[in-house]
Structures are given as structure tokens and as C-alpha cells.
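The values are calculated or read from the model by the stated rules, or taken from the named source; none is laboratory data. For clarity, every value in this text was computed on a predicted model and none was experimentally measured. Cβ atoms come from the backbone with ideal geometry, glycine included; neighbour counts cover every protein chain shown. With ligands, DNA and RNA removed, areas are computed over all heavy atoms of the protein, side chains included. Shrake-Rupley method; radii C 1.70, N 1.55, O 1.52, S 1.80 Å.
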Amino acid sequence: MLDDDGRGNDDIHIRATVTKRGSDLVIDLSDSHEQLASFVNSSYPNMYSAVVVALSYLIDPNTPKNDGTFRPLTIIAKPGTVVWANPGAPVTLATNHCAQEILEAIIKALAPACPDRAMAGWGRRFRIAIQGKDPRSDKPFIWHFFQARPGGGASPAGDGWPGAGEWQAAGGIKFGSLEVTEVRFPLFFRRHEFRPDSGGEGKFRGGPGGIAEVVVETAEPAVGNTAGDGVRYGACGILGGTDGAPHRYTLYSEGQPRRPIKTKEVGLTIRPNDVLVLESGGGGGWGNPAKRDPEAVEHDVENEFVTAAKVAPPPPASRVPPSPRNAGRGPG
């Protein structure tokens with residue numbers, strides 16, 4: 001699911017039906033939401049690439065990823081849907097959304113058939129760009145937020161990577177230096193740390209997202225634009241694991257109530273010395289949380305990936321069985 005398209009349409013669904021026929025695999029995405037008048041649509045090549053990425057996570061890692069590897073694959077999709085929009089539809093964000101949701105749908109469908117390979121969902125892309133004037137140089141600037149990355153999904157191999165980034169990039173885009181950012185832009189980072197309790201619970205925990213608390217040190221108002229998803233739907237938990245926390249971006253202006261920032265908006269006014277608290281989502285959990293190693297839970301709390309309040313209490317004591325002479329008798 002995508003949260004919305006930024007134009008009043010919520011709950012954009014992508015459905016994958018995966019069928020194994022002998023040595024072949026058929027992936028049917030035709031029962032997906034109709035295309036939208038927003039930038040979350042996918043072109044056919046982007047959709048095909050997302051399918052290949054999903055399968056690349058699941059096949060034997062020693063298998064080369066080339067054209068021959070995917071010849072047994074058949075994709076069924078419908079033109080005019082969000083996964084295969086007709087020419088002319090906007091596809092600006094396609095490599096992230098809806099590519100990430102295509103990945104998620106396919107891996108969720110296949111997880112019961114290959115639980116030893118399936119990975120939980122990764123946190124989703126959410127960017128904010130700020131345009132303004134740097135009072136130190138009197139020159140215009142544009143800053144794109146790449147810090148405090150979302151968490152990676154857990155897998156049967158272990159916990160998700162902290163601050164790994166988005167699923168379709170497998171953590172391939174890293175955040176830049178805070179010190180360099182502060183030199184180049186009129187920004188001050190009060191905090192940049194992992195976000196506690198953001199990773200989904202499971203036998204293996206989702207990677208935590210991050211928190212960036214940023215002061216915008218301009219002398220006149222700046223303008224913010226956003227693009228992304230994931231403030232309503234977090235990264236999917238899998239095989240009994242819970243979902244990761246969704247994103248939470250908030251703008252604080254003196255004398256004003258705090259303002260939640262949407263994933264798709266333009267013209268956001270950012271006043272001098274406003275504070276942005278940008279909290280990214282965590283990865284999904286893998287497997288039954290009750291099977292998590294107690295030592296791993298202690299490690300989570302010690303390292304503040306999880307707060308003590310988040311740790312589940314021990315299960316209630318089992319009821320004492322009735323004595324033989326009372327067995328089978330009702331109350332009375």
C-alpha cells in the first residue's frame with residue numbers, strides 16, 4: 001500500500017499473485033490500482049526492474065543476475081494501472097514509489113514458500129527539499145535531506161541494518177557529512193541519531209530508522225517541498241514479524257502549533273529558526289517476536305534501539321490444571 005497520491009486519493013494498492021508452473025514463475029500485477037494524476041506511477045521498464053529486484057533478493061545468491069536468469073519469468077500487468085501507466089502519466093518518483101511497493105507485494109506473496117530467503121520490508125523514501133537564501137553569503141541555496149535514513153528489513157540471517165535506506169536501493173545511497181552540510185548550508189543539526197522503537201518486532205528485529213533535529217538558520221522565510229511515502233504505512237513485517245514504525249516529520253515554529261509534514265506537498269513555509277524534527281521509519285520484523293533471544297532483547301535496550309517500556313512483558317503463568325477428582329466438574 002502507498003499512503004496516497006497527494007491529490008486526495010488514499011490507500012493506493014498493489015497486488016501480486018505469484019504462480020509457479022514447473023520451472024517457470026508467473027507474476028500477475030494486473031489487480032493493482034488504476035494510474036494516478038501524480039508522480040507515483042510506474043512505467044513498464046521500471047515495473048519490470050522492480051520485479052527483477054524482488055526475485056534477486058530471493059534466488060540463490062550464487063546465481064548470476066543476467067538476462068538468462070529471468071527467462072523463466074512471465075509478468076502479467078495491465079496498461080493504465082499504477083504499475084504500468086500509459087504514456088503521458090507522471091512517473092517522477094517511480095524508481096522509489098511504486099517500485100518499493102511492487103517489491104513488497106511480491107516478496108510477501110512468496111515468503112511462505114521460501115521463509116529461509118524472504119526479507120521483511122525496508123523503510124520508505126521520504127525527502128524534503130528546502131529553497132532559501134543563505135544569510136552568510138546572501139546566495140540562494142537548495143538543500144535535499146539525505147540524513148537519518150530509514151531502517152532495513154530483518155531477515156532469517158538476523159536483524160535489519162540500522163539506517164540502511166530504501167529497499168529498492170538495498171542501502172545503496174549513503175547520507176552525507178553533517179559537518180560539511182552545516183558549512184555549505186544555513187542549517188544546524190541538534191541531533192542525528194537512531195530512532196528508538198522504530199524497527200518492527202520479530203525473532204529478528206527490523207533496523208531502526210533515524211532522527212534528525214535541524215534548525216533552519218535563515219534570515220528570511222524559506223520554502224520546502226516534499227516527495228515520498230510512508231507516514232501511514234510502515235515497512236512490512238513478515239512471517240509473524242510486526243511492521244516498522246512509519247515516518248514522522250514535524251515542523252516547529254515559535255508561537256505556532258507543531259505541524260505534521262505531509263509526504264507530498266509544495267510551498268511549505270519555513271520561517272527563520274524553525275526546527276524540523278525528521279524521524280524516519282524502521283524496517284519490518286522477521287518471525288515470531290516471542291522467539292527472540294533474550295540476550296538480543298537486552299542488547300537492544302542497552303544500545304537504545306528499543307526502550308525498556310517497549311519490551312514485551314513475560315507471558316502470564318499458565319493456569320493450574322484441575323485436580324483429578326475435580327476434572328470434568330463445572331463450577332459450584
For this session: Give the residues of segment 1-21 that are more than 16 Å from Asp229 (Cα to Cα) and modelled with pLDDT of 95 or more, sorted by residue number.
Result: Arg15, Ala16, Thr17, Val18, Thr19
Exercise. Scanning for something among the hydrophobic types (A, V, I, L, M, F, W, C), under 21 Å from Ala109 (Cβ atoms) and open to solvent by 60 Å² or more (accessible area, probe 1.4 Å), does segment 33-48 turn up at least one residue?
Worked result: no
Exercise. Of all residues in segment 150-183, how many are in contact with an Asp or Glu (Cβ under 8 Å, 6 or more places away or on another chain) and crowded, with 21+ Cβ neighbours inside 10 Å?
Worked result: 2
Problem set entry | Residue, nearest to Trp167 (Cα to Cα), within segment 39-73, restricted to residues that are within 20 Å of the chain's Cα centre (by Cα) and among the hydroxyl-bearing types (Ser, Thr, Tyr) | Tyr57
Problem set entry | segment 171-209, residues that are among the small types (Gly, Ala, Ser) and closer than 25 Å to Ala118 by Cβ | Gly171, Gly172, Ser198, Gly199, Gly200, Gly202, Gly206, Gly207, Gly209
Exercise. Out of all the residues in segment 251-267, is one or more open to solvent by less than 20 Å² (accessible area, probe 1.4 Å), closer than 24 Å to Gln100 by Cβ and not in a loop (DSSP other than H, G, I, E, B)?
Worked result: no
Exercise. From the residues in segment 22-32 that are in a loop (DSSP other than H, G, I, E, B) and modelled with pLDDT of 95 or more, which one is most open to solvent (accessible area, probe 1.4 Å)?
Worked result: Asp31
Exercise. Of the residues that make up segment 202-212, is at least one open to solvent by 70 Å² or more (accessible area, probe 1.4 Å), among the basic types (Lys, Arg) and in a loop (DSSP other than H, G, I, E, B)?
Worked result: yes
Exercise. Restricting attention to segment 227-246, which residues are open to solvent by 10 Å² or more (accessible area, probe 1.4 Å), closer than 20 Å to Asp4 by Cβ and either more than 13 Å from the chain's Cα centre (by Cα) or of a type outside the set (Gly, Ala, Ser) (or both)?
Worked result: Ala227, Val231, Arg232, Tyr233, Asp243, Pro246
For this session: List every residue pair whose Cβ atoms lie under 7 Å apart, where the two residues are 6 or more positions apart in sequence or sit on different chains, the first residue falls within segment 287-313 and is more than 17 Å from Trp161 (Cα to Cα), and the second residue, located anywhere, is of a type in the set (Asp, Glu) and modelled with pLDDT of 95 or more.
Result: Pro289/Glu201; Thr307/Asp197; Lys310/Asp197
Problem set entry | Close pairs from segment 62-90: first among the aromatic types (Phe, Trp, Tyr), partner not in a helix (DSSP H, G or I), Cβ under 6 Å, at least 6 apart | Trp84/Ala77
Problem set entry | Residues (among the basic types (Lys, Arg) and without any contact (Cβ under 8 Å) to a residue 60 or more places away in the chain) located in segment 220-279 | Arg248, Arg258, Arg259, Arg271
Problem set entry | Given (1) at pLDDT 95 or above; (2) in a helix (DSSP H, G or I), number of the condition Trp143 does not satisfy | (2)
Exercise. Just to be sure, is Gly163 outside any loop (DSSP other than H, G, I, E, B), in contact (Cβ under 8 Å) with a residue 12 or more places away in the chain and out of contact with any Leu (no Cβ under 9 Å at 6 or more places or on another chain)?
Worked result: no
Exercise. Of these, Thr17, Thr69, Thr63, which one is surrounded by fewer than 17 Cβ atoms within 10 Å (Cβ to Cβ), under 21 Å from Val82 (Cβ atoms), polar (S, T, N, Q) and out of contact with any Cys (no Cβ under 6 Å at 6 or more places or on another chain)?
Worked result: Thr17
For this session: Could you pull out the residue among Asp293, Asp274 that is surrounded by 13 or more Cβ atoms within 10 Å (Cβ to Cβ) and not aliphatic (A, V, I, L, M)?
Result: Asp274
For this session: Would you mind telling me which numbered condition in (1) open to solvent by 30 Å² or more (accessible area, probe 1.4 Å); (2) among the acidic types (Asp, Glu); (3) assigned to a helix (DSSP H, G or I) Glu101 fails?
Result: (1)
Exercise. Mind checking which pairs have a first residue in segment 37-59 that is in contact (Cβ under 8 Å) with a residue 40 or more places away in the chain and a second that is among the aliphatic types (A, V, I, L, M) and surrounded by fewer than 17 Cβ atoms within 10 Å (Cβ to Cβ), Cβ under 9 Å, 6 or more apart or different chains?
Worked result: Val51/Leu73; Val53/Ala170; Leu55/Leu73; Tyr57/Ala170
Exercise. Does Pro64 satisfy the condition of being more than 25 Å from Thr263 (Cα to Cα) and at pLDDT 95 or above?
Worked result: no
